[in-house]
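Each remark here refers to the structure printed beneath this line.
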Ligand code: 5GP
Ligand code: MG
C-alpha cells in the first residue's frame, strides 16, 4: 500500500485502507441482509464509480436478488456541475420492486435525488440508498442514505472506483487530495 500517489497533475495521500473499506462494506451487507432478506431486491449499481463497491458487496449476499447497472454523471474534474446527465438508464422493469441503489459517494446529493425520483416515477415500491461514502457537510438537499459505509469530511478523494478525470479508479485503497 503506497502512502502517496500521483494522478495526472495532482498528488494524493492515503486516506482509507482497503481493509477499512472492506470492513465497512461487510457491515452494509449485514444490515441489508437483516432488513431485506425475502424481499428479492433489485440492486441498481451506479456506474462508473460503484463498480468495486458493488463487486465486494455481492460477495456477502446469498438470499435471492437481482443486479443491474445504470450510469449517471455529474462531476467534471474535482467539482460537481450541479447537473445530472443520464448516460445509461435502468432498462429492467422496476414496477413494484424493492430497489437498492448502490452508489460510491454521496456529496451534494444531487445525483441520487435525481435517480431516486426517476425510479419512483417508474413505479418502484420501495427505494433504498446504500452508499460506500457520505460527505454530510457537502449535502445540499434533503436526502438520507439508508446504508452508509463511512462518513467523511468534504475532501476530494480517488481510488476504489472513484476517479480524477478517469484516472485513479483502480487503486485498492482510497487517497485524498494533498492541498
Ligand atoms: P453528488 O451528486 O452527490 O454531488 O455527487 C455524486 C457523484 O459525484 C458521485 O457519484 C461521484 O461520482 C462524484 N464525487 C463526489 N465526490 C467525489 C470525490 O471526492 N471524488 C470523486 N472522484 N468523485 C466524487
Ligand atoms: Mg458515482
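Estimated from the Cβ-Cβ distance and a Förster radius of 41 angstrom, the FRET efficiency linking residue 117 and residue 172 is about 0.75. Put in line by how crowded their Cβ is, counting other Cβ atoms within 10 Å and starting with the fewest, 112, 52 read 52, 112. Short-range pairs are left out: with C-alpha atoms under 8 Å and at least six residues apart, the relative contact order of the chain is 26 percent. For the chain, the longest principal axis of the Cα atoms and the long axis of helix 18-36 meet at an angle of about 10 degrees. Compute the separation of the alpha-carbon centres of the range 54-91 and the range 93-143 and state it in Å as a whole number. About 10 Å separates the Cα centre of the range 54-91 from the one of the range 93-143.
For the pair the range 1-50 and the range 164-179, the centres of their Cα atoms are 13 angstrom apart.
In what order do 116, 88, 1 fall by count of nearby beta-carbon atoms within 10 Å, going from fewest to most?
Final ranking by Cβ density, sparse to dense: 1, 88, 116.
Estimated from helical segments only, the mean residue ellipticity of the chain at 222 nm is -7000 deg cm²/dmol, where each DSSP H run of four or more residues counts as -39500 (n - 2.57). Computed over Cα pairs, the Kirkwood radius of the chain leads via Stokes-Einstein (1.306 mPa s, 10 °C) to a diffusion coefficient of 96 µm² per second. With r defined as the distance between the Cβ atoms of residue 18 and residue 80 and R0 fixed at 22 Å, what FRET efficiency is calculated, to the nearest 0.05? E(calc), rounded to 0.05, equals 0.25.
For residue 2 and residue 34, a Förster radius of 35 Å and the Cβ-Cβ distance give a FRET efficiency of 0.45, rounded to the nearest 0.05. Once the Cα atoms are used to define both axes, helix 110-121 deviates from the longest principal axis of the chain by about 10 degrees. Here the range 18-152 carries DSSP beta bridges of which approximately 20% are antiparallel, counting only pairs with both residues inside. Exposure proxy for 80, 110: other Cβ atoms within 10 Å of each Cβ, ordered fewest to most, give 80, 110.
Every number here is computed from the coordinates shown, using simple stated rules; none is lab data. Since we're looking at a predicted model, the values are computed, not measured. Note that we place each Cβ from the backbone using ideal geometry, even for glycine, and neighbour counts take in every protein chain shown.
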